[in-house]
2 protein chains.
Amino acid sequence: MKAEIITIGDELLIGQVIDTNSAWMAEQLNLAGIRVAQITSISDHREHILTTLKEATGRADVILMTGGLGPTRDDITKKTLSEFFNTPLVFNQESFDNVDRIFRMRGYSMTLLNRAQAEVPENCTPLLNVNGTAPGMWFEENGKIYVSMPGVPFEMKALMEEQVLPRLKAFSSGSIVHRTILTQGVGESFLAAKIEAWESALPPYIKLAYLPQPGIVRLRLTASGSDRTMLETEISRQTGELYALIGEHIFGEGEDTLEQVIGRLLKQHEYTLATAESCTGGYIAHLITGIAGSSAYFKGSVVAYSNEIKENTLGVAPRTLEKYGAVSEETVFEMAAGIIRQFGVNCAIAVSGIAGPDGGTAEKPVGTTWICVLTPKGAETRKFTFGEHRGRNIRRAALAALDMLRKQLTQIRE
Amino acid sequence: MKAEIITIGDELLIGQVIDTNSAWMAEQLNLAGIRVAQITSISDHREHILTTLKEATGRADVILMTGGLGPTRDDITKKTLSEFFNTPLVFNQESFDNVDRIFRMRGYSMTLLNRAQAEVPENCTPLLNVNGTAPGMWFEENGKIYVSMPGVPFEMKALMEEQVLPRLKAFSSGSIVHRTILTQGVGESFLAAKIEAWESALPPYIKLAYLPQPGIVRLRLTASGSDRTMLETEISRQTGELYALIGEHIFGEGEDTLEQVIGRLLKQHEYTLATAESCTGGYIAHLITGIAGSSAYFKGSVVAYSNEIKENTLGVAPRTLEKYGAVSEETVFEMAAGIIRQFGVNCAIAVSGIAGPDGGTAEKPVGTTWICVLTPKGAETRKFTFGEHRGRNIRRAALAALDMLRKQLTQIRE
């Protein structure tokens with residue numbers, strides 16, 4: 001099965017928005033064994049949409065569209081689809097109830113514009129969009145599948161995951177087996193060198209892809225063929241070899257995140273955690289509390305962006321700050337000990353560093369970061385030297401801290 | 001002048017790489033008064049490139065291509081262009097000297113493969129790529145312009161800025177003027193209803209686009225024509241009318257963020273801020289500390305994920321928690337007052353809510369959130385009812401809180 005993606009919206013053509021939807025959709029389709037042949041971004045004009053639809057119909061079996069839906073007058077995709085399929089727009093009760101529910105929840109009243117949102121081309125199967133007012137639409141015509149979704153990423157993603165991908169998988173043949181291994185704290189070339197011999201010996205039906213992000217490298221194994229059981233067995237065997245080679249850098253698989261993994265570990269040990277954050281500014285707490293149910297093990301955080309707070313709330317000795325500075329092994333240790341005392345937990349992460357762009361010195365350049373992790377399993381302080389970019393320094397410090405905690409919580413059991 | 005962008009590379013079609021080149025190029029072209037009509041991402045296969053080139057030739061005056069150049073991709077774009085223009089590949093001395101220079105610099109020796117990199121189609125003007133070994137190529141054929149550039153972002157950007165854009169500007173007439181207005185806390189359809197009459201009265205050369213994100217809707221005005229001064233005057237005038245209609249919902253323009261705007265306001269007033277966060281879990285502190293220099297006005301945060309911390313560190317009365325609950329007007333007020341006292345600041349944001357997915361009740365469903373903002377300009381507590389999605393509830397609560405602070409800090413000056 002061959003797919004094409006069409007993203008509709010002037011905002012893409014003036015460069016105001018980077019099209020992240022297409023990459024995400026392309027990845028999901030590939031994971032489902034559907035090859036993406038082309039991605040086309042076009043303006044929200046009737047003629048342009050019609051031409052692009054016709055061209056894509058000539059090349060692909062599945063055509064996914066995003067954007068150009070919504071209550072405002074630049075909403076054009078639905079009208080054009082109704083013209084393309086030569087079918088009228090009809091009122092859809094389920095979609096209307098959804099718009100009505102969302103509006104009641106937000107305390108707004110329905111307008112005529114919103115009522116029009118509940119209309120769909122007669123030949124489509126409406127896909128309920130619980131996150132927004134514009135319904136998804138599924139069309140089957142002359143053996144081809146067309147899907148229209150809103151361009152708002154979280155609405156599109158929910159529709160894809162819950163409705164579009166399951167339906168598409170029912171149509172595709174052949175097996176594709178994926179396994180994604182997640183590593184933290186080591187670079188792509190370091191990993192590549194460590195697994196070079198293993199990678200060269202992979203059978204031809206297994207492909208390896210390196211997917212780097214700041215601080216994290218994902219290694220994705222993809223096996224394709226007809227015998228699913230064989231593919232799964234071989235992927236498992238190859239993954240086992242990978243763990244033997246680089247196991248200490250692997251924190252999880254698939255959609256795991258470091259904050260999920262440490263959440264599981266803390267629950268398992270019945271430990272409680274708090275963070276004392278300077279340069280990460282609450283980002284570690286934000287990552288941890290992004291996980292549903294984190295209140296079972298996470299008690300809170302003190303973001304100490306000034307020395308007074310480090311002293312008064314965390315109990316760091318004024319002399320420590322004076323003698324070693326806020327970015328020092330001594331200070332992060334006292335911050336960690338302080339948050340354990342203050343919040344009555346038994347695990348702590350403390351971070352202090354120079355996120356940049358200012359504040360660096362010859363001795364402690366921008367990117368210098370001290371991290372302390374205290375748990376009933378041990379105590380560790382480490383110095384990192386990240387880069388010059390503020391946002392990436394914050395992210396890398398947070399990931400490094402979570403990974404230190406993960407390693408400390410698992411070391412006894414290894 | 002109408003342009004199209006073609007990005008070539010399988011990595012885009014499997015979702016391994018997000019196409020950031022196109023958005024950057026589109027923005028640059030628009031700023032240069034050249035409208036981008038379509039962006040197409042295709043695989044690095046000869047037939048696919050040829051078809052896409054033919055289609056684009058039928059629609060656009062300028063066709064910019066990136067990718068498919070370089071020794072590992074087998075230089076497929078260059079060979080295909082030479083076929084498309086029916087012209088041989090010829091050796092180019094200047095390109096060869098450039099490849100040679102780069103290889104000497106990196107301490108490598110030239111291989112036959114690299115020598116082939118210095119070949120270009122005979123009908124092109126080679127564009128020197130000082131940052132890499134693949135030259136850019138400029139073609140003019142039947143009144144159309146074709147440009148091929150490498151896909152490595154910094155190589156492409158340097159070629160665009162130094163060579164392609166100056167050449168294109170010599171060809172183009174006409175101007176495009178953009179202005180983007182940022183609103184918080186109100187939906188697309190609410191805004192559409194409020195500005196309907198104004199929008200209908202816009203002159204035909206000004207287009208309005210709604211660009212929604214969770215919690216934020218951007219309104220983009222685009223004027224195109226030949227008289228730049230007239231366009232700028234008219235966009236200014238129309239923007240003025242927009243402010244008169246929906247001014248209280250506008251927090252900034254262009255690339256502004258709420259955290260930048262409140263940072264500027266706090267600095268201007270010489271105020272200091274701290275946050276007391278329950279359901280937002282440090283996200284507000286994270287947003288604020290993402291801004292370089294925020295330590296001038298931001299002192300820190302207490303993330304109080306348990307009642308004990310609300311009592312012990314923030315000084316919320318046990319009786320308040322018992323009588324009204326953690327998600328209540330009384331509790332957020334005491335949290336805000338407590339953080340002011342504890343951290344010695346004069347502005348505070350306090351948030352307590354049910355982020356979900358669990359913890360909701362009939363009386364306080366998931367999404368229920370109380371926010372308190374205290375500053376020397378006033379005190380306000382507000383209740384919000386967001387949705388059911390944890391991540392978005394956190395984001396919307398944070399944006400709502402920052403916007404409450406913005407409004408409180410600006411109200412006196414309105």
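The values are calculated or read from the model by the stated rules, or taken from the named source; none is laboratory data. Quantities reported herein were computed from a predicted structural model and do not represent experimental measurements. Heads up, the Cβs are rebuilt from the backbone with ideal geometry, glycines too, and the neighbour counts pull from every protein chain shown.
Summary of values
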| quantity | calculated |
| --- | --- |
| Inter-residue pairs, beta-carbon under 8 Å, first free of Cβ contacts under 8 Å to residues at least 12 places away in the same chain and in the stretch A:13-25, second among the β-branched types (V, I, T), 6+ apart | A:I14/B:V36; A:I14/B:T222; A:G15/B:V36; A:Q16/B:T180; A:I18/B:I18; A:I18/B:T20; A:A23/B:V17; A:A23/B:I18 |
| B:I76 crowded, with 19+ Cβ neighbours inside 10 Å, at pLDDT below 95, aliphatic (A, V, I, L, M) and farther than 26 Å from A:K54 by Cβ | yes |
| Residue selected from the stretch B:360-381 under the condition among the hydrophobic types (A, V, I, L, M, F, W, C) and closer than 19 Å to B:Q408 by Cα, by the criterion farthest from the chain's Cα centre (by Cα) | B:A379 |
| Residues of the stretch B:9-21 satisfying the condition of being in contact with a strand residue (DSSP E or B) (Cβ under 6 Å, 6 or more places away or on another chain) and more than 7 Å from every other protein chain (Cβ to nearest Cβ) | B:N21 |
| Count of the stretch A:225-240 residues which are surrounded by 14 or more Cβ atoms within 10 Å (Cβ to Cβ) and out of contact with any Phe, Trp or Tyr (no Cβ under 6 Å at 6 or more places or on another chain) | 7 |
| Any hit, the stretch B:233-243, residues being among the basic types (K, R) and either more than 8 Å from every other protein chain (Cβ to nearest Cβ) or under 19 Å from the mean Cα position of the chain (by Cα) (or both) | yes |
| Which numbered condition B:G344 misses (of (1) facing chain A (nearest Cβ under 10 Å); (2) surrounded by 16 or more Cβ atoms within 10 Å (Cβ to Cβ)) | (2) |
| Residue check for A:K364: within 12 Å of another protein chain (Cβ to nearest Cβ), out of contact with any Pro (no Cβ under 6 Å at 6 or more places or on another chain) and charged (D, E, K, R) | no |
| Among (1) within 13 Å of chain B (Cβ to nearest Cβ); (2) in a helix (DSSP H, G or I); (3) among the polar types (S, T, N, Q), the one test that A:N131 misses | (2) |
| Meets criteria (hydrophobic (A, V, I, L, M, F, W, C), assigned to a helix (DSSP H, G or I) and under 22 Å from A:T183 (Cα atoms)) for A:A336 | no |
| Residues being farther than 22 Å from A:H286 by Cα and either of a type in the set (A, V, I, L, M, F, W, C) or modelled with pLDDT of 95 or more (or both) - total across the stretch A:383-414 | 2 |
| Matching residues in the stretch B:1-32 - criterion: being among the β-branched types (V, I, T) and outside any helix (DSSP H, G or I) | B:I5, B:I6, B:T7, B:I8, B:I14, B:V17, B:I18 |
| Scan of the stretch A:249-289 for residues that are touching a residue at least 60 places away in the same chain (Cβ under 8 Å), crowded, with 24+ Cβ neighbours inside 10 Å and either not in a helix (DSSP H, G or I) or not aliphatic (A, V, I, L, M) (or both), ordered by number | A:L273, A:A274, A:T275, A:A276, A:E277, A:S278, A:C279, A:T280, A:G281, A:Y283 |
| Matching residues, the stretch A:104-128, being free of Cβ contacts under 8 Å to residues at least 40 places away in the same chain, more than 13 Å from chain B (Cβ to nearest Cβ) and aliphatic (A, V, I, L, M) | A:L127, A:L128 |
| Residue satisfying condition, being crowded, with 18+ Cβ neighbours inside 10 Å and of a type in the set (D, E, K, R), within set A:K377, A:K383 | A:K377 |
| Residue within the stretch B:141-154 that is charged (D, E, K, R) and either under 24 Å from the mean Cα position of the chain (by Cα) or not assigned by TED's automatic domain parsing to the domain that holds B:F85 (or both) present | no |
| Every residue from the stretch B:180-225 that is over 23 Å from A:L12 (Cα atoms) and among the hydroxyl-bearing types (S, T, Y) | B:S200 |
| Residue within the stretch B:77-98 that is among the charged types (D, E, K, R) and without any contact (Cβ under 8 Å) to a residue 24 or more places away in the chain present | yes |
| Per-region count, the stretch A:256-302, residues among the charged types (D, E, K, R) and within 14 Å of chain B (Cβ to nearest Cβ) | 3 |
| Any hit, the stretch B:398-410, residues being free of Cβ contacts under 8 Å to residues at least 60 places away in the same chain and buried (at least 16 other Cβ atoms within 10 Å of the Cβ) | yes |
| Of all residues making up the stretch A:383-398, the number that are within 14 Å of chain B (Cβ to nearest Cβ) and hydrophobic (A, V, I, L, M, F, W, C) | 3 |
| Some residue of the stretch A:38-52 being more than 11 Å from chain B (Cβ to nearest Cβ) and modelled with pLDDT under 90 | no |
| Residue within the stretch B:307-318 that is within 16 Å of B:A397 (Cα to Cα) and either part of a helix (DSSP H, G or I) or of a type in the set (V, I, T) (or both) present | no |
| Any hit, the stretch B:43-61, residues being crowded, with 23+ Cβ neighbours inside 10 Å, of a type in the set (A, V, I, L, M, F, W, C), over 22 Å from A:R59 (Cα atoms) and in the same structural domain as B:K157 (by TED's automatic domain parsing) | no |
| Output for the stretch B:156-189, where each listed residue is acidic (D, E) and more than 14 Å from every other protein chain (Cβ to nearest Cβ) | B:E161, B:E162 |
